[in-house]
1. Please tell me which of these pairs span more than 19 angstrom C-alpha to C-alpha: K281/K367; K274/K367; K93/K116?
2. Please list 3J(HN,Hα) in residue order for the stretch 474-484, calculated via the Karplus relation 6.51 cos²θ - 1.76 cosθ + 1.60 where θ = phi - 60°; whole Hz, with x for glycine and proline.
3. Quick check: net charge around V279, other residues with Cβ under 12 Å of its Cβ, Lys/Arg +1 and Asp/Glu -1?
4. Summing +1 for each Lys or Arg and -1 for each Asp or Glu, what net charge is found among the other residues whose Cβ lies under 10 Å from the Cβ of R204?
5. With a cut-off of at most 14 other beta carbons within 10 Å, and DSSP calling the residue loop, which chymotrypsin sites (Phe, Trp or Tyr not before Pro) in the stretch 404-448 qualify? Please list them.
6. List the residues whose amide H sits under 5 Å from the amide H of L492, counting only those 5 or more places along or on another chain, with H placed 1.01 Å from N in the peptide plane.
7. Report the net charge of residues surrounding R190, where surrounding means a beta-carbon distance below 11 angstrom and charges are Lys +1, Arg +1, Asp -1, Glu -1.
8. What residues have an amide H closer than 5 Å to that of L191, excluding those fewer than 5 places away on the same chain, when H is modeled at 1.01 Å from N in the peptide plane?
Amino acid sequence: MTLAIYDDAGRPVSADRIAAIRSGYGDVPEPAYRSGGFRGQEFAAWAPPPTSADSAVLPYRDLSVARTRDVVRNDPTAASGVARLVEMLVGAKLTLSSKPDARALGLDATDKGHRKILRDLSGAIESEWYQFGNDPQRRCDAQQRLSINGIFRLLARTFATMNETTAVMKWKPARGGRYATCVRAVDPDRLSNPYSQPTTQALRGGIEFDDDGVPLGYHLRNGHPADWYIVPPPLTWTRIPARTATGRPVFIHGFEPEREDQARAMTPFAALVKRLHMVGKFSDTELASATVNALFAAFVKSSLPVGEATAAFTPQTVQTLEGKRLNYWAENPARIGGVRIPVMPIGDEIQINSSPRQTTAFPDFQKAFLQSIAAALGISYQQLSGDWESINYSSARAALNEVWRHIQMLFAAFVDQVVLPIHYCQLEEAFDRGYIKPPVGCPDFWDMPGAYLRSRWIGPGRGYVDPVKEAQGASLRMGAMISTLEDECADLGRDLEDTLDQIANEEEMLKERSLTRVISAGSGLQPDPSDAGNDEDPSEKASDKKANA
């Protein structure tokens, strides 16, 4: 007996319609959010599973990272993107401009005497940071290879590639060394669960957490898993505490979560690896095809059958009359007016290769992909490709403004997660050794470290597109009091006090040589002498000129 289903009109419902209804679409009402339904070809087979931050990252991180590093090593576009990010994050150097919190330290920033105390304290902090980071023997680096800015560039390169970077703060007293604090940069790949322990709520991605998600310790493998040349292979782990009992950072994990409860980062190239890989293969194929096409300038076309043409090139071929004739012409070439006449076998002709490779659409195709890649990395297409030919000042400035906002966000994350913990350790030792003393009546460093660590870190300059226009804009902003000399110097990657000190030194040297600075008229940096004492309204002057005309 067969059971049938009828609709509200009394008609039997087909088996296909029943299957569609059971599968979740068909007569099911359209949801309020279409992204939650299954109607339409684009949604019918699209049902990704819900994932947490760690369930989406941890199982696939290792392979994604390996593919990213392969792309960055071998693809010029990816290598260019990482290089541009490092240049804008750290560049030549990061400069510390110390800004101790006057109110937290119990000082009055409006009092002249207190302002001098703050300036002296800032100068001492900046001086000690310079002594720490620029030791000629590189003792700020546990491996004694890099200065502090070299360490920052190394960590920034990993940060730009992996979205995270790791380092260990070590204590290595050295003979003649001013500081025992030093930085040991480590590969994030070494951070993993010891002995392949399963992921739990308390141990994820090599990090121990308490019930509130506070990192307590980090398990660092004693060597990279790919270090095959180490015998025996590195199969042991070392637990490194996140910080000491006094709060001093020990393990630095430069990483800003993108989702709640996220333990490890996913590389920013995860969404780009496939596209970069395919664009690279396409570029290589086009280049190879163009090269092969250029190598074949001409070829000989024969009317002989395939079998006879093949036999003609074998050593066993009997010398025929045609062969003898060709040998004769080869030994006695025909010439007319000194120009040689080529003699071909009967039925053969020389045909010039006149079929060019159709590559006219390749630049536009590649540009479209590079634009999407640049947008994902947060830089401009021109920076990624180096193509500045078809862009004007307004377009370049608008593009760089958008890039600058993104870089400022990355810079803030890098400073908060990487630079400040290193500065904390150095400044703590400076106070502990007595290199810096708290002002009279101010709390100790350990009582209020944030007040002493308050600072402004100056990275690479924003750069000029049109130096004259931008210098005029800076002058107008400062004149209207919507910007300061310190802000304008920071945009150029310079420290205000260093700039003023240098200007003062130069003024003294100029005075000693009876020289003065010359600023061109109309630069916007000095008033126009013709306007001196003239209080007329500009609009009235314009109308008078128009009337006189």
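Values in this text are rule-based calculations from the coordinates and carry no lab data. In this text the structure is predicted, and so the values were computed from the model without any measurement. As a convention, Cβ positions derive from the backbone with ideal geometry for all residues, glycine included, and neighbour counts pool all protein chains shown.
1. Too far apart for the 19 Å limit: K93/K116.
2. Computed from phi, the couplings for the stretch 474-484 are 4, 5, 5, 5, 5, x, 8, 6, 9, 8, 10 Hz.
3. +1
4. Computed value for this residue: -2.
5. In loop regions of the stretch 404-448 (DSSP not H, G, I, E or B), the sparsely surrounded chymotrypsin sites (Phe, Trp or Tyr not before Pro) are W446.
6. R462
7. -2
8. R221
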